[in-house]
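Colleague: Here it is, the structure, as structure tokens.
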Amino acid sequence: MTASEPVIVVRDLDFSYDHVPVLEKVNLRIEPRDSICLVGPNGGGKTTLLKLILGLLEPQRGSVEILGRPPAEVRLRLGYVPQYAHYDPLFPVTVMDVVLMGRISRHPLGWYNATDHRAAREALALMKLDHLAGRLFAAISGGQRQRALIARALACEAEILILDEPTANIDVKAESSLFALLKELNQTRTIMVVTHDVGFASSFFQRIACVNRQVVTHPVSELSGQMIQELYGGDVTMIRHDHQCVGNRNAAGERCGV
């Protein structure tokens, strides 16, 4: 496929669980090096849409194409970081061991070669973790663990990086550092992130996709408090992270909440 062709195309997609509609008439087009954030209420279909894009589910109507092909045929070109990573804190696995797991689809028995180790080191360097390669995974901070899991996804040489709630269990400082790294990665890769943090979405992403059974995309410049209230329902406050606030106002005297 050429650089001008979309990397992800979802056409007229419907999906239900036990005849209960979750997604209806979904159309989505994502271009190379796009950065798009999926937001929406719990149960709105965000995770289901990710599973359809990853090829873990099949649409009941419509189609999904990744890099011009069915998702199952291009899984090695997708890097996925799930919302929850379960691990045994007593198991003595190093950060490098975790990142090398991103190469396991190429070597099911775990016999990693020099190419695998080089890919893992490059992924660690991208996430600014190369100095922690020999540390125990359980001994590093939550933010560093999240970056290590992203490095694991990058180690498979993914062209598209998909993250489900990557900031769910890290502090604000680690969150800001993580999104800054994602912005760097976006120069060479397509980035798709599911998050409830619409403030960071407004600062770091080119587009936002509102998912609530259907999918509507907007430039982040169009994101407003009214739009978020309509999506989530009720009284919702959006805190912007792209400027410094004193109290509840920024340097221009504007309210920081929308």
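The values are calculated or read from the model by the stated rules, or taken from the named source; none is laboratory data. Nothing here was measured: the structure is a model prediction, and the numbers come from that model. As a convention, Cβ positions derive from the backbone with ideal geometry for all residues, glycine included, and neighbour counts pool all protein chains shown. Keep in mind that these areas ignore ligands, DNA and RNA; they rest on the heavy atoms of the full protein, side chains included. Shrake-Rupley method; radii C 1.70, N 1.55, O 1.52, S 1.80 Å.
Colleague: Which one of these is free of Cβ contacts under 8 Å to residues at least 24 places away in the same chain and either out of contact with any Ser or Thr (no Cβ under 8 Å at 6 or more places or on another chain) or not in a loop (DSSP other than H, G, I, E, B) (or both): GLU58, GLU65?
Modeller: That would be GLU58, the only listed residue that is free of Cβ contacts under 8 Å to residues at least 24 places away in the same chain and either out of contact with any Ser or Thr (no Cβ under 8 Å at 6 or more places or on another chain) or not in a loop (DSSP other than H, G, I, E, B) (or both).
For (1) under 20 Å from ASP164 (Cα atoms); (2) not in a strand (DSSP E or B), each residue gets a yes or a no:
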residue	(1), (2)
GLU24	no, no
PRO32	yes, yes
ILE36	yes, no
GLY44	yes, yes
LEU49	yes, yes
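Colleague: Right, something else. I'd like to check something: does the range 12-21 contain any residue that is open to solvent by 70 Å² or more (accessible area, probe 1.4 Å) and closer than 14 Å to VAL193 by Cα?
Modeller: no
Colleague: Would you check which residues across the range 22-36 are surrounded by 15 or more Cβ atoms within 10 Å (Cβ to Cβ) and either at positive phi or among the aliphatic types (A, V, I, L, M) (or both) and list them?
Modeller: VAL22, LEU23, VAL26, LEU28, ILE30, ARG33, ILE36
Colleague: In addition: Got a sec? Which of VAL81, VAL98 is surrounded by 13 or more Cβ atoms within 10 Å (Cβ to Cβ), of a type in the set (Val, Ile, Thr), under 25 Å from THR115 (Cα atoms) and within 14 Å of the chain's Cα centre (by Cα)?
Modeller: Going through VAL81, VAL98 in turn, the sole match is VAL81.
Colleague: Moving to a separate point now. Considering only the range 123-136, state which residues are open to solvent by 50 Å² or more (accessible area, probe 1.4 Å), in a helix (DSSP H, G or I) and in contact (Cβ under 8 Å) with a residue 12 or more places away in the chain.
Modeller: LEU126
Colleague: Can you pull out every residue in the range 159-191 that is among the aliphatic types (A, V, I, L, M) and over 22 Å from ILE208 (Cβ atoms)?
Modeller: The one that is among the aliphatic types (A, V, I, L, M) and over 22 Å from ILE208 (Cβ atoms): ALA174.
Colleague: Report, by residue number, each residue of the range 1-44 that is among the hydrophobic types (A, V, I, L, M, F, W, C), closer than 20 Å to LEU182 by Cα, at pLDDT below 95 and in contact with a Leu (Cβ under 8 Å, 6 or more places away or on another chain).
Modeller: Matches in the range 1-44: LEU38, VAL39.
Colleague: With respect to LEU76, determine if the residue is assigned to a strand (DSSP E or B) and aliphatic (A, V, I, L, M).
Modeller: No: the conditions fail for LEU76.
Colleague: Right, something else. How about the range 158-200: which of its residues are open to solvent by 10 Å² or more (accessible area, probe 1.4 Å), in contact with a helix residue (DSSP H, G or I) (Cβ under 7 Å, 6 or more places away or on another chain), assigned to a loop (DSSP other than H, G, I, E, B) and not charged (D, E, K, R)?
Modeller: Across the range 158-200, the qualifying residues are THR167, ASN169, ILE170.
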